[in-house]
1. In what order do GLU26, GLU39, GLU107 fall by count of nearby beta-carbon atoms within 10 Å, going from fewest to most?
2. Taking just the C-alpha trace of the chain, give me its Rg and Dmax in Å.
3. At 7 Å along Cα-to-Cβ for each site, give me the label-to-label distance between THR24 and ARG219 in nm.
4. Under a plain spin-label model, where a point goes 7 Å from the Cα along Cα-to-Cβ, how far apart in nm are ARG236 and GLN173?
5. Order by neighbour count: HIS82, HIS91, fewest other Cβ atoms within 10 Å first, most last.
6. Take every Cα pair under 8 Å in the chain that's 6+ residues apart, average their separations, divide by the length, and report that relative contact order as a whole percent.
7. For segment 130-148 and segment 49-126, what is the separation of their C-alpha centers, rounded to whole Å?
Amino acid sequence: MGDVSGGLIRFSAVGKTFQTAGRTFEAVAGIHLDIQEGEVVTLVGPSGCGKSTLLNMTAGLMVPSTGTVLYRGKQVAGLNRHVGYMTQSDHLLPWRNIASNISVPLEIKGMARAKARNRVAELVDLVGLAGFESSYPTQISGGMRKRAALARLLASDPETLLMDEPFAALDAQLRLAMQTELLRVRERFGKTIIFVTHDPDEAISIADRCVVFTGGPGRIAQIIKTGLPRKRDLARLRFDPQFLDLARGLWAQLAPVPPEEEGA
Ligand SMILES: Nc1ncnc2c1ncn2[C@@H]1O[C@H](COP(=O)(O)OP(=O)(O)O)[C@@H](O)[C@H]1O
Ligand SMILES: [Mg+2]
């Protein structure tokens, strides 16, 4: 299947089951979703509904049990080198300081030292870590580690960004700055972004489309096309009637949490 008319990424009847302790557990089922190049798609839904599993399958770290994940019309088989993946844990190397953690992808690419140093300085500024270049991951806060991981992801300059709750640990002001930066990166470089979040406001505010999941097994309940302009002022957006309408609807839909999710 070399057909790309469905978009950059296509989930076709995707399901995933896990075998644990001799039991079969269905994590996600019947996922049909097309993602267009340059789109920001957010995934939101109760904990355990398979959002990370979908990112793992897109990255080629997990194989679907049923159906297929296509990237540019080709079935994802093995590591998908077109994507950069920011997982829920930051995976910074403890023996490298912040600057040299961020420079890892540049070193792998073989970028000249001076150029790499400049690029790292740019990225450090971008994520607000100036002054912490020579700190080690254990010496900085969780939020700062997240920002370092984001800088490293941007250093690797992937075509598609997979982001798993990247800003959850950040304070409101910083989260707004990071979200703004992410949309700027999309705008300037045409990146495609799949972004998992727990936060309904975030799920709407940064999205072109927001995919809402229900749990047990995870299925798509609804896809919300936000219709918000690509260029948007996120600080003002939260008072915008169109945003408020969408956010109110999503909050209402996500409000009833099934009791079996607790301690599952
Ligand atoms: N490697 C695995 N082995 C067994 N079960 C898993 C594995 N990965 C995820 N699961 C289970 O699949 C379900 C979906 O997990 P996940 O994709 O992490 O959900 P979410 O990211 O939406 O919180 C959960 O019930 C989780 O326990
Ligand atoms: Mg998850």
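1. Numbers: GLU26 15, GLU39 20, GLU107 12.
Ordered from fewest to most neighbouring Cβ atoms within 10 Å, GLU26, GLU39, GLU107 come out as GLU107, GLU26, GLU39.
2. 18.7, 55
3. 1.8
4. For the pair ARG236/GLN173, the computed spacing is 2.2 nm.
5. Values: HIS82 17, HIS91 13.
Starting with the residue having the fewest Cβ neighbours, the order is HIS91, HIS82.
6. Numbers: 472 pairs, mean separation 65.2, N = 264.
Reported relative contact order: 25 percent.
7. If we compute the Cα centre of each part, the gap is 19 Å.
Each reported figure results from applying straightforward, stated rules to the coordinates on display, with no laboratory input. Quick caveat, the model's predicted, so the values are computed rather than measured. Don't worry about glycine lacking a Cβ; one is built from the backbone with ideal geometry, like all the others, and counts go over all protein chains shown.
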